[in-house]
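Okay, so here's the structure we're looking at.
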Amino acid sequence: MHKPPHQMLVIFGASGDLTRRKLIPALFDLHRQNLLPGHFVIMGSGRTGHTDESFRDLFRESLEEKDRDAAASFLQQLFYHPADQKSKEDFAALAKKMETLDKQWKLNGNRIFYLATPPGQYIPIACQLAGQGLNQEKETDGFTRMIIEKPFGHDLKSAQALNRNLKKHFGEHQLYRIDHYLGKETVQNILVTRFSNGIFEPLWNRNYIHHVEITSAEDMGVESRGTYYEQSGALRDMIQNHLLQLVCLVAMEPPTVIEPGAIRNEMLKVLQSLRPYTEAEIPKYVIRGQYMASRVRRKYLTGYREEKGVDPVSRVETYVAMKFYIDNWRWGGLPFYIRTGKRLPLKVTEIVIHFKPTPHKLFRKEEDNCSTCNQLIIRIQPDEGILLKFAMKIPGAGFHVQDVNMDFHYSDLSSAHLPDAYERLLLDAMNGDATLFSRSDVVEAAWAFVDPILRAWESNHDNPLHGYPSGTWGPDVADYLIEEPAITWRYPCRNLSEDTNYCEL
Ligand code: BG6
C-alpha cells in the first residue's frame, strides 16, 4: 500500500477522551505498520496547557507497553500548542508554530484538522482557522482538510446550520464527516458481498427477501457519558448515523463505480426514499425504552436514571426499535426492522437478510414459520463473519429437516488484521479518499427522517417510554413491531458458530 503524502495532523480536543482512546492508538498502530506518511507531524491543541513534552507524556506509558521502540519514534512526531477557541492570538501563534514545523519537517503545506472537541466548538474553531488563512488551499501550498466528529448537529435545523457555517470557510471537498461505522472492515464488506457475488444480485429485492433486520446491541450502560447522553439518546447517538448508514449499504443500488461521488449518491437516494412517519404512526412503529436497574448473575446493574450526570426523572431513551419502509422499486412493501440499545445482554451488531419461504412447502409441519427460512447474517462485530442458514435433510428414514449453518469467520483468514475503524478512516482522509465519509446532503437526509420522531417525542409526552431491566433484549412491546405472529427478532449469540436454530420439520 502506498504511503499518504507528507502532512501535519492537527487535533483539536487533544487532551480529551477520543484522542486518548481512539485517535492516538489508531495512529500508533498505523505507525507500527509503517503506513503513516514519510514526513508526519501530529499537533495537539486545546484549552489545556501542555508543552510538547507533557503532551507526549500523556500517552508514553500506554504506547511503551505495546512497543517500546516504536513508541520512541512515534512520540517524537507529537507536538502541542494550547489554543482557546476565543483567542485570535492563540490561533496566530498556532499558525506560526505550524509554519515552522511545516518547514522543518518538509510537509509541503499539507494539513488536516481533526475536530475532536464538543460540537459547540466546531464553528468557532473553523472561524479562527479561517482568520489565520489556515483554511486556504493553493496549488503550491498543498491540501487542507477538516475531519469532523459526530454528533453532526442535534436535529435537521442545527445540522443544516452547521453545514452552512462550515461551508463559509471550507469547501465540501475539504470536509470529512466521520462515522466510524463506515470504517469497520465488515461494514465495507457489505458492498463486496453484494456487488461482487453474482448469486446475491438476483435475490436482493422484495421478490425474494421477506424482511431485513439490523441490530446493534451493547451490554454496557452509558458509563461516564451520562451528561452527553442526556442531550443525545439512542436515536441521535446510534440510529441517525450508524444504523442508517448500515441501512444505506444494504439497500442502495449498485454504484456505477467505486468512487466517493457515486457511492454517496446511491446512499442519498436510499435516505430520500425512506417513507416518512405520520405523527400517529410514531408510537406504533418507533419503540423507545430506557434501562432499569436489575441484578444479572448476582451483579447489580444500575438503572439509567441512577447514572452519573443523568436526571433522576430523565425521559431520554437508551433503546430504540423501529419498523419502516423504503419506497422504491427494489424494496417497495418490504419492512425493515432496526434496533439498538444499551445494557442489552451482549455487544453485537449484525444485519440479517430474511429470505421468503419456498412457494410450496413439501416438508411441512404445522409450526413451520419464517424463522426457519433462509437467513443471511452479516456479522459486523464481534466474531466478524457471514453465516448462511439453510435447510438440510437429516440422514436416515423419512424427511426430517434441520436448519444448518454455513459460516465464514474473518479470524479464519490467518493473515487478516482487522484494522480499527479509526485506522482506516484516518488513512483515507490522509490520502484524500472521502468514500467512507458522509456528505452534507447525506447527513441532512438522515436527520430529515429522524426529525419528526424527535419532535413527536419532545412535544407529546404521551408517547410511551418503556422501561426494560438491564441485561434483557429491551421492552417486550418491541416484539409487536413485527406483526406476523410466527416471526420474532433474532436473539444472537456472541459467536456466530454457536448459532443453532434447530428445527425438525
Ligand atoms: C458511538 C456512540 O458513536 O458508537 C456510543 O456514541 C456507542 O454510544 C458507540 O457506544 C458504539 O460503537 P461500536 O463501534 O463500539 O459499536
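Values in this text are rule-based calculations from the coordinates and carry no lab data. Every value quoted in this text rests on a predicted model; they were computed, and no experiment measured them. All Cβ positions, glycine included, derive from the backbone under ideal geometry; neighbour counts span all protein chains shown.
As a rough guide to protection, the peptides 461-473, 318-330 ranked by mean Cβ packing within 10 Å, highest first, stand as 318-330, 461-473. Using a cutoff of 8 angstrom between alpha carbon atoms and counting only pairs six or more residues apart, the relative contact order for segment 258-344 works out to 27 percent. Relative contact order for the chain: 17 percent, from Cα pairs under 8 Å spaced at least 6 residues apart, divided by residue count.
Beyond 32 Å in Cα-Cα separation lie the following of the pairs LYS167/LYS347; LYS66/LYS106; LYS103/LYS157; LYS168/LYS323: LYS167/LYS347; LYS103/LYS157; LYS168/LYS323. Here the relative contact order of segment 1-127, from alpha carbon pairs under 8 Å that lie six or more residues apart, stands at 37 percent.
Taking the DSSP bridge list for the chain and keeping only pairs wholly inside it, about 55 percent are antiparallel. Give the Debye-formula value of log10 I(q)/I(0) at each listed q (0.07, 0.08, 0.11, 0.12 Å⁻¹), with one equal scatterer per alpha carbon of the chain, two decimals each. Relative scattering, expressed as log10 I(q)/I(0), comes to -0.42, -0.55, -1.02, -1.19.
Judged by the mean number of other Cβ atoms found within 10 Å, the most tightly packed of the peptides 13-19, 304-310, 132-138 leads the ranking 13-19, 304-310, 132-138. Sort segment 369-494 into rounded, prolate or oblate with this rule: let a ≥ b ≥ c be the square roots of the eigenvalues of the Cα gyration tensor; rounded if a/c is under 1.5, and if a/c is not under 1.5, prolate when a/b is larger than b/c, oblate otherwise. Oblate, since a/c reaches 1.5 and b/c is not below a/b.
Calculated mean residue ellipticity at 222 nm for the chain: -9000 deg cm²/dmol, from DSSP H runs with n ≥ 4 weighted as -39500 (n - 2.57), summed, divided by the residue count and rounded to 500.
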